[in-house]
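The values are calculated or read from the model by the stated rules, or taken from the named source; none is laboratory data. Note that this is a predicted model, so its numbers are computed, not measured. We place every Cβ from the backbone using ideal geometry, glycine too, and count neighbours over all the protein chains shown.
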Amino acid sequence: MFFTGFECIACAATQPSSFKGFTCPACGGNLTVTYDYDGLKNRVGKERLVTFGRPDLFRYAPLLPLERPGLASPLRIGWTPLYPAPRLGTPLGLKHLYLKDDGLNPSASFKDRAGAVALVRARETGARVIAGASTGNAGSSMACLAASVGMPCVIFVPEKAPPAKIAQLLVFGARVMAVRGTYDDAFDLCMKVCAERGWFNRNTGHNPFTREGKKTCSFEICEQLGWHAPDRVVVATGDGNILSGIWKGMKDLHAVGLIDRLPKIDCAQSEKSDAVTRAVQNVRQDHPRGAAVDWKRVAVEPVKATTLADSISVDAPRDGLAAVRAVIESGGEVCTVPDEEILSAIPELARGAGVFAEPAAACAWAVTRRLAMSGRIQPEEKVVCLITGNGLKDAGAARKAAGEPTLIKPTVEAALAVLADL
Ligand SMILES: Cc1ncc(COP(=O)(O)O)c(C=O)c1O
Ligand SMILES: [Zn+2]
């Protein structure tokens, strides 16, 4: 075990690995997990990180904070494909564009990475029940993984979450609390119920183990690129936990000497849910020419989120500070797009690369396109656009963007009349 403890993202106070709390006892900030990087660096070759016990994210066991990885779900989580996407990149002048398709995880979203690691921690600490609040994906993922090992699971979601995500929750047998309110209301309620009952709380940001699962996506990207870092990763952002996880993974790899430089991490948001973007802009304005930032004093102000991309519709980002730090420290861009661009990005991705994304995931592509068109991404850069959730999660949004089928009589003539151009 190389897991050494925790460090607060706001005030830098540290805790030993035996610490069983979730947030900083000194200031209440979110915690990041620390490792004995030098110890790991002294191991030779890539074997210092990759163990071949499992064909999924648990192959990176030395950089996971787990004592008993044998308690992991038997499902295959992570090790998703990284596709070159020349038909999308070339018209924008991008020579090295890749899509990392995390919609291919067991519950069809990136969130399985977080749930995978959180579940082991819950089982290691003897939890009886695992609970969480979710815009939909984190919950359906937790429900899926909990079902895979027979762990009781309680999920709080906004009642307006897309029907497919609610169906997943129910089908996997979670106790589903459809909260009359927003994701933020569901989050606060879950916190209170867990405090009352002593349940293991998987809530994003609050629980440091979710970021540790999410960081494995960076390990995979670099391994799939032959142990080279890309130049940038574009990440759809709501709470900011995926974005901070991607940055953590890159920093971990750099610290153990498996990559020799760090990429920029770009924050993609809807204009109608842009709290992290605003906070990054404020920090940059207040700290011209890269002046040092006192992170204790940085506040991520809530917004009133209304985007149709439900997974990134967040008023108060629960891992906002870590996300803002990740963008600033990596030198990444922030960029928002209108919801119409998010919708049109769905068929564009599907037709240009064969990858079907839900609206939040398509936001990453809409922003990649904007950054390229405005010259904020250079043609030679190696760019990874993270596809965080499968399009079938929200077929209604996809239908709105994709147009209507042609209704015809069941005759060859009728079909050929419509298909005359082929
Ligand atoms: C598909 C998808 N994309 C992006 C995100 C954003 O992740 P985060 O809330 O950690 O910023 C989520 C979170 O629910 C998601 O489900
Ligand atoms: Zn602190």
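So which residues in the stretch 372-388 are surrounded by 24 or more Cβ atoms within 10 Å (Cβ to Cβ) and over 17 Å from the mean Cα position of the chain (by Cα), if there are any at all?
Across the stretch 372-388, the qualifying residue is only ILE377.
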Answer yes or no as to whether SER330 is over 23 Å from HIS206 (Cβ atoms), surrounded by 18 or more Cβ atoms within 10 Å (Cβ to Cβ) and touching a Phe, Trp or Tyr at 6+ places or on another chain (Cβ under 8 Å).
yes
Only one of (1) surrounded by fewer than 17 Cβ atoms within 10 Å (Cβ to Cβ); (2) under 21 Å from TRP227 (Cβ atoms) is not met by THR90, so which one is it?
(2)
Which numbered condition in (1) modelled with pLDDT of 95 or more; (2) surrounded by fewer than 17 Cβ atoms within 10 Å (Cβ to Cβ); (3) away from ligand 2 (no atom under 16 Å from the Cβ) is the only one that VAL44 fails?
(1)
Hey, among the residues in the stretch 228-263 that are charged (D, E, K, R) and out of contact with any Gly (no Cβ under 6 Å at 6 or more places or on another chain), which one's nearest to ligand 1 (Cβ to nearest atom)?
LYS248
Can you find a residue in the stretch 16-39 that is aliphatic (A, V, I, L, M), free of Cβ contacts under 8 Å to residues at least 40 places away in the same chain and within 16 Å of ligand 2 (Cβ to nearest atom)?
yes
Of (1) more than 16 Å from ligand 1 (Cβ to nearest atom); (2) assigned to a helix (DSSP H, G or I); (3) touching a residue at least 60 places away in the same chain (Cβ under 8 Å), VAL383 fails just (2)
Expected single match for buried (at least 23 other Cβ atoms within 10 Å of the Cβ), in a helix (DSSP H, G or I) and within 16 Å of ligand 2 (Cβ to nearest atom) among VAL324, VAL276 is VAL324
Within the stretch 324-371, which residues are hydroxyl-bearing (Ser, Thr, Tyr) and under 30 Å from LYS296 (Cα atoms)?
SER330, THR336
Where the second residue is more than 13 Å from ligand 1 (Cβ to nearest atom) and among the aromatic types (Phe, Trp, Tyr) and the first is in contact (Cβ under 8 Å) with a residue 12 or more places away in the chain and lies in the stretch 103-128, which pairs have Cβ atoms under 6 Å and are six or more apart or on separate chains?
VAL117/PHE209; ALA118/PHE209; ARG121/PHE209; ALA122/PHE200; ALA127/PHE200
Which numbered condition in (1) touching a strand residue (DSSP E or B) at 6+ places or on another chain (Cβ under 6 Å); (2) closer than 19 Å to LYS111 by Cα is the only one that ASP231 fails?
(2)
Condition (residue is crowded, with 21+ Cβ neighbours inside 10 Å, within 16 Å of ligand 2 (Cβ to nearest atom), over 30 Å from ALA417 (Cα atoms) and modelled with pLDDT of 95 or more) applied to the stretch 338-346: is it met by at least one residue?
no
Output the qualifying pairs, or none if there are none: Cβ atoms under 8 angstrom, residues six or more apart or on different chains, first residue in the stretch 311-322 and among the basic types (Lys, Arg), second residue away from ligand 2 (no atom under 16 Å from the Cβ).
ARG318/PHE187; ARG318/ASN203; ARG318/THR204; ARG318/ASP239; ARG318/GLY240; ARG318/ASN241
Just a yes or no: is a residue in the stretch 121-129 on the phi > 0 side of the Ramachandran plot, within 17 Å of the chain's Cα centre (by Cα) and assigned to a loop (DSSP other than H, G, I, E, B)?
no
Residues in the stretch 285-299: is at least one at negative phi, surrounded by fewer than 22 Cβ atoms within 10 Å (Cβ to Cβ), in a helix (DSSP H, G or I) and in contact with a helix residue (DSSP H, G or I) (Cβ under 7 Å, 6 or more places away or on another chain)?
yes
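Listed here are the residues, each with its yes/no results for (1) within 16 Å of ligand 1 (Cβ to nearest atom); (2) over 30 Å from THR4 (Cβ atoms).
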position	(1), (2)
GLY93	no, yes
PHE110	yes, no
ARG121	no, no
GLY132	yes, no
PRO152	no, yes
Checked the stretch 266-314 for anything closer than 17 Å to GLU358 by Cα and among the hydroxyl-bearing types (Ser, Thr, Tyr); matches are SER270, SER273, THR306, THR307, SER311, SER313
Looking at (1) within 16 Å of ligand 2 (Cβ to nearest atom); (2) touching a Leu at 6+ places or on another chain (Cβ under 7 Å); (3) hydroxyl-bearing (Ser, Thr, Tyr), find the lone condition where SER73 falls short.
(1)
Checking GLY249 against (1) in contact with a Leu (Cβ under 6 Å, 6 or more places away or on another chain); (2) buried (at least 24 other Cβ atoms within 10 Å of the Cβ), which test does it fail?
(1)
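Okay, residues lined up against (1) aliphatic (A, V, I, L, M); (2) away from ligand 2 (no atom under 16 Å from the Cβ); (3) without any contact (Cβ under 8 Å) to a residue 24 or more places away in the chain:
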residue: LEU243; (1), (2), (3): yes, yes, no
residue: ILE246; (1), (2), (3): yes, yes, no
residue: ALA255; (1), (2), (3): yes, yes, no
residue: GLU271; (1), (2), (3): no, yes, no
residue: ASP286; (1), (2), (3): no, yes, yes
residue: ALA292; (1), (2), (3): yes, yes, yes
residue: VAL298; (1), (2), (3): yes, no, no
